[in-house]
């Protein structure tokens with residue numbers, strides 16, 4: 001069908017999604033941007049991204065106190081730093097575009113994937129490290145998915161570039177979390 | 001008539017496939033902007049799980065939505 005519509009190079013995945021045993025995102029096509037009108041402006045999407053990074057930063061900060069494994073604690077410390085860098089980049093872009101700080105008017109107790117921080121911390125209490133890492137992987141996969149879609153929205157070049165960089169960063173986080181999970185299983 | 005026969009024959013041409021290892025390689029090595037990734041299933045299936053960055057384009061609406069994509073990029077559909 002796509003080939004007849006002029007698409008030059010088309011492939012289908014053998015077995016469909018059932019055959020896939022890798023990372024998968026969840027949610028509706030606009031999940032993560034659902035709290036905004038369909039035609040959210042780039043400033044609104046920056047606010048969303050900033051607040052989700054903030055939520056994730058808080059979650060990973062609190063999480064370290066609940067973990068015993070040294071390697072895991074170190075990874076989440078690095079992720080906290082990464083989230084801070086992401087926030088800084090988003091805040092800079094927000095200021096350049098609108099002369100206003102990022103994150104204003106966004107709910108506070110929310111993290112990547114739309115989960116509340118307090119609910120996530122309650123959930124991890126008493127859980128095995130592998131389960132905690134699974135949760136972090138699910139959150140980062142949804143963020144990766146969200147940033148790809150934000151980058152596809154067709155805004156100005158600077159915004160597209162930033163969302164693309166953030167998507168690449170989330171992908172790198174995923175690699176590290178999955179690597180740690182593989183070592184701890 | 002000739003062009004109709006050509007387009008009907010096109011529907012019988014096998015579409016190249018990628019196995020999951022090849023898809024994994026594509027997703028990990030390429031920037032998402034370098035390819036089109038399409039989920040042709042229904043919204044409920046997409047909500048339950050989809051490949052990161054996949055655009056939902058249910059098969060019944062595929063042709064009408066395909067204009068949103070760059071036809072010159074490699075396209076992976078599942």
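How large is log10 I(q)/I(0) at q = 0.11, 0.19, 0.21 Å⁻¹ when the Debye formula is applied to the Cα atoms of segment A:38-184, each weighted equally and without solvent?
These q points yield log10 I(q)/I(0) values of -0.40, -1.11, -1.31.
Given the DSSP H assignment, sum -39500 (n - 2.57) over each helix run of at least 4 residues in the protein assembly as shown and divide by its residue total; what's the result at 222 nm in deg cm²/dmol, nearest 500?
On the way: 9 runs with 140 residues, N = 263.
Calculated at 222 nm, the ellipticity per residue is -17500 deg cm²/dmol.
Please identify, among A:26, A:61, A:141, the residue showing maximal mean-square fluctuation in a Gaussian network model of chain A using a 10 angstrom Cα cutoff.
Comparing A:26, A:61, A:141 in a Gaussian network model of chain A, the most mobile one is A:26.
Counting other beta carbons within 10 Å of each residue's own, what order do A:14, A:54 fall into, fewest first? The partial results should precede the final answer.
Numbers: A:14 14, A:54 22.
Going from least to most buried by this count: A:14, A:54.
Can you tell me the relative contact order of segment A:38-184? Whole percent, Cα pairs under 8 Å, sequence separation 6 or more.
Working: 157 pairs, mean separation 38.6, N = 147.
Relative CO of segment A:38-184 lands at 26 percent.
Taking Rh as the Kirkwood radius computed over C-alpha pairs, what is the Stokes-Einstein D of the protein assembly as shown at 10 °C in a medium of viscosity 1.306 mPa s, expressed in µm² per second? Please report the intermediate quantities before stating the final value.
On the way: Rh = 19.8 Å.
Value of D from the Cα-based Kirkwood radius: 80 µm²/s.
When DSSP assigns beta bridges and you keep just the ones with both residues in the protein assembly as shown, what percent turn out antiparallel, to the nearest 5?
Working: 1 of 11 bridges.
Counting DSSP beta bridges with both partners in the protein assembly as shown, the antiparallel share is about 10 percent.
Quick one: check the C-alpha center-to-center distance for segment A:70-88 versus segment A:123-173, whole angstrom.
13
Taking a spot 7 Å from the Cα of residue B:64 along the direction of its beta carbon, which residues of segment B:24-57 have an amide N less than 14 Å from it?
Those under the cut-off are B:57.
Assign one of three labels to segment A:115-185, namely rounded, prolate or oblate, based on the Cα gyration tensor with a ≥ b ≥ c the square roots of its eigenvalues; rounded applies when a/c is under 1.5, prolate when it is not and a/b is larger than b/c, and oblate otherwise. Intermediate values should be presented prior to the final figure.
Working: a/c = 4.21, a/b = 1.93, b/c = 2.19.
It comes out oblate by the Cα gyration axes.
Please order B:46, B:35 by the number of other Cβ within 10 Å, starting at the fewest.
B:35, B:46
Counting other beta carbons within 10 Å of each Cβ, put A:10, A:73 in order, fewest first. Let's see the in-between values first.
Values: A:10 19, A:73 15.
Taking fewest neighbouring Cβ atoms as first place, the list is A:73, A:10.
What relative contact order, as a whole-number percentage, does segment B:19-77 give when Cα pairs under 8 Å and 6 or more residues apart are counted? Walk me through the intermediate numbers first.
Numbers: 51 pairs, mean separation 24.7, N = 59.
Relative contact order for segment B:19-77 comes out at 42 percent.
Between segment B:40-75 and segment A:41-58, what is the separation of their alpha carbon centroids in Å?
26
If I take the Cα coordinates of segment B:19-77 and project them onto the principal axes, what are the three extents in Å, biggest first?
Taking max minus min along each principal axis of the Cα atoms, segment B:19-77 gives 30, 28, 17 Å.
Only the coordinates and a few stated rules stand behind these numbers; no lab work does. Predicted model only: the values in this text are computed from it and were never measured. Please note: Cβ atoms are built from the backbone with ideal geometry, for glycine as well, and neighbour counts cover all protein chains shown.
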